[in-house]
Amino acid sequence: MSEYPRLSTSTTKVMTFERRHIRPIPDDERHGTTRGLFFVWLGINMGPLTVVTGALGPTLFGLSLGWTITAIVLGNVIGGFGAALHASQGPRLGIPQMLQARGQFGFFGGSLLAFIALIMFLGFFASNLVVAAQSFAAAFGSSADFAWIIACAIAALTIAIFGYDLVRRSMAVFSVLIGALMIVSIIIAIANPATFQAQPGLGYNTAGFFGMLAIGVTWQLAYAPYVSDYSRYMPREGGAKPAFWATYLGLVLGTILVMALGGIVGLTTTEGNAMSALGNLLGGFGPVVLFALGTATAVMNSSNIYSGVMCSLTVLETVSARIDINTAKRVLMTVVYGALAMVAALLGQNNFLVIFSDFVTILLYVLIPWSAINLVDYFVLRKGEYEVADMFRRDGGRYGRWDAIGLISYAIGLLVQVPFMVTNMYTGPLAAPLGYVDVAWIVGFIVPALVYGLWRRRELRAAVAGSATAAAAPRAEVRR
């Protein structure tokens, strides 16, 4: 019998209202399927923000369409493995992704990492609001983006309040619809002679290629803090492998399809408005696609609120032992979180392209060390063996309140990237000698993985040796 009491979650026969929040999902409530998980991750990228990101190849990095798509494919294929490996942890542990960080960083240290992820979800939610509003504005020929931002925020909030079940069902429906529209849009855009009119200066440059490749990697790893939030509903036994492939294929296929369209659109994008350029390329079909993209984003953006709230509740739980995480607090946190993101979108919409580019790059620098530490700990050192109940104890149980090994390794992972960073706000001293090729994320993965892996292995071996010595001592005493 589960140590967590069974809760009635049904509100109708069609969907359920979530009441588990950040608590482990019991085996008899694991109603997730491989097909459902695949469509969640296929659908999450079927939106205008993915189009805008693909357009960065020509508009920001000066790449031709061929080199843009090559970088998009390589980056997403590489980064997708990291996200999918994190997803395979959900069925085994049954808890949200960032709550698992307590296993590497301690009870309070894990919440620090959850807070960082919270900021990430906030940024993606705000970014999606801006491009969804641009889609609606372009579809209807209006300029009142602020009204569309508010409307899209309300739509996402409504779905996120219900929780996992409605988020999953909504994304499955829209993934099929928008996927078909994306394929038709690519065909129309390629057939339009205006798409391939001379674009002076576009071609190959190493810094631009690796910059776009890094964005592809980042795009996938940015989902790493989400993935177990959904895969935790997969069966504990035999659920890890299906969770991996459903997540990997859904994320990679959906992203490459829509980013490829973005690369095409980027060839004609002016003034940073890829949605307007998309509408112009598609002609009479443009308003239909733009409206569908805006609607899909308003729906699928609920996943950013949902996972952001999971992180918020993880942080909130550490504030005081008297705070009880319940449905009322989840709903309240959802509303507050959505309101903050909406304000951020309203304030940043005029400088969106530059802000978003730096946001994605910095996000990579921050997430890479956490991902490296988590993957090494789960797959190499502990082989998936964790005491989940200890992660909910305020003293952290075997994981402690603050884990020095995890936190110091993470800090090292951040610091070693600084000399190699390439952003509009800051460029490291080693960037110029490398031709401004962004290799910071590679260093930021390898170094903390090695530091944490070797340091933690030594600690675990010492603990095993200490236990063996303690067990042998009584037997030696008996011999005397």
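Counting each DSSP H run of 4 or more residues in the chain as -39500 (n - 2.57), what helix-only mean residue ellipticity at 222 nm follows after dividing by all residues, to the nearest 500 deg cm²/dmol? Write down the numbers at each step before the final one.
Numbers: 18 runs with 320 residues, N = 480.
It lands at -22500 deg cm²/dmol.
Rolling a 1.4 Å probe over the heavy atoms of the protein chains gives the chain an accessible area of 40 Å² per residue.
Label-to-label distance, ALA147 versus THR33, with points set 7 angstrom from Cα along the beta-carbon direction: 4.1 nm. Surface calculation, 1.4 Å probe, protein heavy atoms: TYR386 sits at approximately 30 Å² accessible.
In this structure the amide hydrogen of LEU63, modeled in the peptide plane, comes within under 5 Å of the amide hydrogens of GLY203, none closer than 5 places in sequence on its chain. For ASP438, nonlocal amide neighbours, meaning residues 5 or more places apart or on other chains whose placed amide H falls under 5 Å from its own, are GLY211.
Each residue, VAL77 and ASP390, gets one label point 7 Å from its Cα in the Cβ direction; the gap between the two is 4.0 nm. Tell me the angle of helix 107-140 to the major Cα principal axis of the chain, expressed in degrees between 0 and 90 and rounded to the nearest ten. Once rounded, one gets 20 degrees. Segment ASN192..ALA328, full-extension length gain: 43.8 nm, with 0.36 nm per residue of separation and the alpha-carbon distance subtracted. Taking amide H positions as modeled 1.01 Å from N, with prolines and chain starts lacking one, the residues under 5 Å from GLY106 and 5 or more places away or on another chain are ASP403.
Only protein heavy atoms count here; on that basis, with a 1.4 Å probe, PHE392 has an accessible area of about 30 Å². Computed from label points 7 Å out along Cα-Cβ, the spacing between TYR426 and VAL184 is 4.7 nm.
Once the piece of chain linking ALA339 and VAL464 is laid out straight, how much longer is it, given 0.36 nm per residue of separation minus the C-alpha distance between them? Working shown, then result.
Values: separation 125, 0.36 × 125 = 45.00 nm, distance 4.90 nm.
Going from the current span to full extension adds 40.1 nm.
In the context of the full protein assembly, SER307 retains an accessible surface of approximately 0 Å², using a probe radius of 1.4 Å and ignoring ligands and nucleic acids.
For Rg and Dmax of the Cα atoms in Å, the value calculated from this model appears in (i) 23.3, 74; (ii) 23.0, 94; (iii) 21.4, 69 under label (ii). All other residues whose Cβ lies under 12 angstrom from that of ARG102 are scored, Lys and Arg at +1 and Asp and Glu at -1, for a net of -2. Measuring nothing but protein heavy atoms, the accessible surface of the chain at 1.4 Å probe radius is 68 percent carbon and sulfur.
The values are calculated or read from the model by the stated rules, or taken from the named source; none is laboratory data. For clarity, every value in this text was computed on a predicted model and none was experimentally measured. Positions of Cβ are backbone-derived with ideal geometry, glycine not excepted, and every protein chain shown enters the neighbour counts. Note: accessible area is taken over every heavy atom of the protein model, side chains too, but ligands, DNA and RNA are not part of it. Shrake-Rupley method; radii C 1.70, N 1.55, O 1.52, S 1.80 Å.
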